[in-house]
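Every number in this text was worked out from the coordinates using simple rules, so none of it is lab data. This one's a predicted model, so the numbers in the text were calculated from it and none came from an experiment. Quick reminder, even Gly has a Cβ in these numbers, built from the backbone with ideal geometry, and neighbours come from all protein chains shown.
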Amino acid sequence: MSESKDSSKVNLASLTQAAVEGGKQAIETATSGAKAGAKLAVGTLFAGANVLLDLGVRVARGLPLAGNGAEVRLEGESGEIRAVAIDRGVVGATAPLGWYLADERRTPSGEAELADALRRLSKPVYAFDVEAGVGFANDGRCVMGADAAALGQSYPLRAYVPPVMPGALGDATFRADYGLKYAYLAGAMANGIGSCEVVEAMGHAGMLGFFGSAGLSLERVKAAIERLQKSLGDSPFGFNLIHSPNEPLLEAAIVDLYLKRGIRLVDASAYLDLTLPLVKYRVHGIHRDADGRIVCPNRVIGKVSRAEVARKMFTPPPEAMLRQLVEQNVISTAQAELAKQIPVAQDLTVEADSGGHTDNRPALTLLPGMMALRDEMQAQHGYAMPLRVGAAGGIATPASVAAAFAMGAAYVMTGSVNQACIEAGTSPIVREMLAHAGQADVTMAPAADMFEMGVKVQVLKWGTMFPVRARKLYDLYREYAGLDEIPAATRAMLERDYLRCTIEEAWAATRQFFETRDPKQIERAEKDAKHKMALVFRSYLGQSSNWANSGEASRKVDFQIWCGPAMGAFNEWTRGTFLEKAENRQVATVAMNLMVGGVRAGSGEYVEDAGGAGFGGGGEGWADGDGGDALHSRTIEFREIIPE
């Protein structure tokens, strides 16, 4: 009994304060000259006194509070109004966040209302106690604090989610620096899979896309530059710059092309170390503006999965490389000094378990480590512009988008899911294969661009034998010194099933290709039988991607399709919606569904967590059928970009 009395005394003291404060506020309003305010002040004070008298009698007699203390009634001149008590008068009851004040209409509750509330992104979401269990609404208002007193129809507030629009996700400085409406990027898928159409769709939607120039000829890249500069104008876009350790001249030529054509943003991917062409691109044209600030016209967004590479990207360019560029008259001595004060890349995309080049590292451990490195490097160098980190690899559902931003990602980047869209520079047959892929339908296989180094890429294994055949070629490369040493039976198998021509014919075609791409490769191959074998095998690996992009049906068994487990997750999420079919998938529509869904998922999880913890604890929140399904709904509604 004494414990109950103590609880009631707390109630009484709190209500006393609430009543007095309410009267004071009304009196202050009255003194401003409002006659109606004076009447309200007097009525509030008398009503508060009546409440205190009633509660005092009940406390003195040890009687329970009326209505279990959930609410008490205040009588006024205009009739009955309501005020809320501080808690429910129950020992151990969880205090609410505040009080929800409903509009005149009946307040809804249940799963359908929660799903409906989460759809209204521009409005707040309230979760509150009602007799039936839990109510959800976007209308009305709330007062925060368990000791607040509220007039009108009021309910204990359990969760409040402020309005959040997709354009508010991510780092505001990142969006501003790149002129974006949304912190959402479409990665540069090689061989033109990240097509002009993908980049244009992203740019027109207020997002950022990168053209997949890796693996393409200079002529193809030139054509893409001309098209995008004409179609997008000042809208943001970028091009890929891939590390090419086996073809350094090609990497240098691509950089020269970008500098000549005024490409101001690159996605630097697959780098194992910094290269002179990358540094040359970054520091070219560096200067101070009229206010003395360092301006770097060319921006680099690095894509990394290893801390040692990230550290180099976040540091100023190596002095040795700067000296070399000064000696080559690419930059001046003064520019070299300025370059010592900027990072090679201000922004880094942390690439987790993705398609193509990847270390298969989990985002949950990789992203926090990279963010800690970001903070360390910012503190060490004191850059004028802050370093930022984005997330890629596995971004394919609203939950993954919400998780990335909740962990602090400045932006998100997608890849595999874009390849399955109609704008991607691949074939309908590939898009159909991707639309049926599961999360486990991927594996690692030797990479064409870094074949001799044993580097691997993640590819689709469902519906193709490429992974098996690529691994076989690498095993042969390691075992034999040249093509002539391969046993006759194995050689016959290669010619019949892989190359579909003789070894000699395969070399002739390979030689012709490198005559224009990199003649030095031919010179080396003529002297080194093992390198010659590598070029022939790399030719098969490279063509396997081209066969997939062109939809060469006779070569379907050899299709190389870069793909991560995100593709399977996306398919699971879109099952039963209009996006289940490959022909309905468009990059901007997919992007908006992911971003809008990310907002809903984040808001919904917060409401669900507050409900599970706030309604008595121990699993006494709403049941699975009373909101849980609404939080994790796969419903996809936006066929076009929604306005904010």
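Points worth noting:
- Every Cα-Cα pair of the stretch 231-374 was included, and the share exceeding 21 Å stands at 45 percent.
- In this structure the amide hydrogen of Val457, modeled in the peptide plane, comes within under 5 Å of the amide hydrogens of Ala445, Ala447, none closer than 5 places in sequence on its chain.
- Whole-Hz couplings from phi, Karplus 6.51/-1.76/1.60, listed for the stretch 306-320; x for Gly and Pro: 10, 5, 5, 6, 4, 4, 5, 5, 8, 9, x, x, x, 4, 4
- Separation of alpha-carbon centers, the stretch 276-307 and the stretch 158-217, rounded to whole Å: 20 Å
- For the stretch 308-364: relative contact order, % (alpha-carbon pairs under 8 angstrom, 6 or more apart): 34 percent
- Shown here for the stretch 461-539: trypsin sites (Lys or Arg not before Pro) in loop regions (DSSP other than H, G, I, E, B) with at most 14 other Cβ atoms within 10 Å, namely Arg500.
- Computed from backbone phi, the HN-Hα couplings of the stretch 329-346 come to 6, 7, 9, 8, 4, 5, 5, 4, 5, 5, 5, 6, 10, 10, x, 4, 9, 6 Hz, rounded to whole numbers (Karplus: 6.51 cos²θ - 1.76 cosθ + 1.60, θ = phi - 60°; Gly and Pro given as x).
- Within the stretch 202-263, none of the chymotrypsin sites (Phe, Trp or Tyr not before Pro) combine a DSSP coil assignment with at most 13 other C-beta atoms in a 10 angstrom radius.
- P(r) histogram, all alpha-carbon pairs of the stretch 401-480 included - 10 Å bins from 0, percent: 15, 34, 33, 15, 3, 0
- About its Cα centre, the stretch 549-592 has a charge dipole of approximately 40 debye under the convention of +1 per Lys or Arg Cβ and -1 per Asp or Glu Cβ, with nothing else charged.
- Cα centroid separation - the stretch 397-436 against the stretch 495-517, whole Å: 34 Å
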